[in-house]
Amino acid sequence: MVIRRFLFSWVCLLASSLFMYGQVAVKTNVAIDAVAIPNLGVEVGLSKKLTVDIPFYYNPWKYSDNKMLKLVMVQPELRYWLCDKFNGHFFRFPFNGRSIQYYRY
């Protein structure tokens, strides 16, 4: 029940930002695609310099001898863009406990 409330609040936050700012990016990770793991990500603009990126990875494939690499992963992160959102450099604030990282995009 707590997870449902959390997900519902995130959906409401993202939906409200769509009406205010109207920029959404749907994307995939090509390096993960190369090893045949399906993935999909959504990045939503929250303000002029903030976006939320939520990628999802899932591996349903079974390998020889009935072995399976079980992978279900979600890595949400907040991005602060130094110029305009979706353009230039950004700071990354992940929600899964890793350190803050700087990227050039």
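The values are calculated or read from the model by the stated rules, or taken from the named source; none is laboratory data. Just so it is clear, the model here is predicted, and its values are computed rather than measured. A quick note on method: Cβ atoms are made from the backbone with ideal geometry, for glycine too, and the neighbour counts reach across all protein chains shown.
Overview of values
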| item | result |
| --- | --- |
| Hits in segment 46-85 (condition: among the basic types (Lys, Arg) and within 18 Å of residue 9 (Cα to Cα)) | none |
| Contacts under 8 angstrom Cβ, first residue in segment 21-37 being in a strand (DSSP E or B), partner at pLDDT below 85 and among the aliphatic types (A, V, I, L, M), 6 or more apart | 24/18 |
| Residue selected from segment 53-105 under the condition part of a loop (DSSP other than H, G, I, E, B) and modelled with pLDDT of 80 or more, by the criterion surrounded by the most Cβ atoms within 10 Å (Cβ to Cβ) | 85 |
| Of all residues in segment 1-35 being at pLDDT 80 or above and more than 16 Å from the chain's Cα centre (by Cα), the one that is nearest to residue 59 (Cα to Cα) | 35 |
